[in-house]
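Laboratory data are not the source of any read-out in this text; all were calculated from the coordinates shown. The model shown is predicted, which means the values in this text are computed figures rather than measured ones. Cβ placement follows ideal geometry from the backbone for every residue including glycine, while neighbour counts extend to all protein chains displayed.
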Amino acid sequence: MITHRGPALAALATAQFLVVLSVSSVNVALPDLRAGLGLDGTALSWVVTAYVLGFGAPLLAAGRLADLYGRRRLFALGLAGFAVASLAAGIADGPAQLLVARAAQGLGAALLAPAALALALGLFPPGGGGRALGVWGAASGAGGAAGVLLGGLLTGPFGWPSIFLVTAGLAVPPLVAALRLLPADRPAANECVAGRRSGDQRAHGLSGDQRVPDRSGVDRPVPDRPADCPPEPDHSAAGRRGLDVPGAVAVTVGLVAVTYALSAGGTRGWGSPAVLGPAALGLAALAWFVRRQRRGAAPLVPPRLLRTGMTAPANVAMTLLGAVWVGLFYYLPLYQQQVLGQTPLTAALGQLPLAGMIVAGSTLAPRLPTRAAVTGALAAIALGLAWLSRAPVAGTYAADLLGPTLLLGAGIGVAFTGLTGLATRDASRSNAATAGGLVNTTRQVGGALGLALMTTVAQARTAGLPDGAPTLAAGHSAAFLTGAVLASVATLIIATRSHS
């Protein structure tokens, strides 16, 4: 039993805050990174993409590992690795070292994130996780905007390495707190087995309220078999495998290859072998992964989980929201600095209203009718991005940025929290980390693919134009408009499933 629920939830939410902060904290420092390391536009976007993809690609395997081998164990391992990788990024002296460290930082985040979400929901009784989701959404939303603020405060006086060094230090307190406050992992009761046992008893004529004693000696009902439990297991070598390693490799290779092809297409040419080869490899790997999930004995994503409630549409919408979210925090600080001429600190301070609205939306979301609120929030995001795409070259923060960013902040806070709830609410406890890993995967992979898509669209829009603020503004406008289209598609997905 958790006797320190509030502090334990705070430690887990702080880790999630740092995971999200690490996506956005480098955004204000991107101009300094470009100058300091000699990065072109594509390489600069990979400073963000390497982390997001290193985070998103292994998340399915990480969620399954947490369910199989212990959530506290995976959380601690991931947070420790995240801290070490942050330190390595802070002392990197070249582009290659920085990108490798960013990918490793993402891998640490992948190990800890699904375990942390499952641990947070497990602090509360079934059906009582609304508070956890509200805190989770607030921490995630605040992390996105606080990362921009941190980058602005540190980059000017201390340089871009300070962002990573401070992040490494901030990872230590939640790690120590979680290890002290969370109980050690122990084999969880297998609901699917218990449900099957109950079914077997009924099949043998043991009808009525079948009960088993708990640790206090009080009888409790045997739980029904959850809807997303897999079929009866076989006891062959395939059936005994706990983790689908080939599937994990296939989905990782597929996502990395497709993202690289999408990112490189704008500069290398869509017909280039350097683009077509990775694209073909990635699509083939992903197709094989999907086929294996349907037929394999130990899938990373149990097919029944995707057929349960709103799990599948919520994850598709989360993919699109991730694309919009990462693209916004990438291009908005660039617009503020490159077009409006703001300093890193001024640009960061301009993110505070956005951060406040994200936190407010995340806090309010659990009190709202979920599907209706998410539909409205996604529509607000689409409207906010379309509004932002009209920001002129000679614009001002108050006239052209404040209004759309307030609308975007409220929409992101409600949509992120609501979609996380829709994607995880129907999973059994034995698959809680798997469901958490899936929704984190779709958000992060969506972010990587979305940023690559927006960068490609921006480059296509500005190809052949002279350097200068008008050209940069045109590229940013095209990226924001692309995000508006993606958010509109997400709105339609949830709206058309509102009867479910």
Exercise. Can you sort 335, 69 so the residue with the fewest Cβ neighbours within 10 Å comes first?
Worked result: 69, 335
Exercise. Hull surface divided by four, with the convex hull built on the Cα atoms of the range 303-343: how many nm²?
Worked result: 3.5
Seminar exercise, completed: Between the modelled labels at residue 372 and residue 172 (7 Å from Cα along Cα→Cβ) the distance in nm is 5.0
Exercise. Of 300, 343, 354, which is farthest on the positive side of the dipole of the range 283-383, counting Cα position, with +1 on Lys and Arg Cβ, -1 on Asp and Glu Cβ, and the Cα centre as origin?
Worked result: 300
Exercise. What is the projected area of the convex hull of the Cα atoms of the range 49-186, averaged over all directions, in nm²?
Worked result: 8.7
Exercise. With labels modelled as points extended 7 Å from the Cα through the Cβ direction, what inter-label distance (nm, one decimal) is found for residue 270 paired with residue 249?
Worked result: 3.3
For this session: Work out the FRET efficiency for residue 390 and residue 184 from their Cβ-Cβ distance, taking R0 = 60 Å, and round it to the nearest 0.05.
Result: 0.65
Exercise. Alpha carbon centre of the range 27-106 versus the range 241-281: separation in Å?
Worked result: 18
Problem set entry | Fully extended contour minus Cα-Cα distance, from residue 463 to residue 306, at 0.36 nm per residue | 52.4 nm
For this session: Restrict the search to the range 298-367; then list the trypsin sites (Lys or Arg not before Pro) that DSSP places in a loop and that have at most 14 other Cβ atoms within 10 Å of their Cβ.
Result: 307
Exercise. Rounded to a whole number, what is D in µm²/s for the range 244-299 from Stokes-Einstein with the Kirkwood radius over alpha-carbon pairs (25 °C, 0.890 mPa s)?
Worked result: 213
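Considering the convex hull of the alpha carbon atoms of the range 343-463, report its projected area averaged over all viewing directions, in nm², one decimal.
9.2
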Problem set entry | Efficiency of FRET from Cβ geometry, residue 295 and residue 346, R₀ 60 Å, rounded to 0.05 | 0.60
Exercise. Efficiency by 1/(1 + (r/R0)^6): what FRET value for residue 287 and residue 398, r their Cβ-Cβ distance, R0 = 35 Å, to the nearest 0.05?
Worked result: 0.10
Exercise. For the residues 40, 67, what sequence is obtained by ranking on other C-beta atoms within 10 Å, fewest first?
Worked result: 40, 67
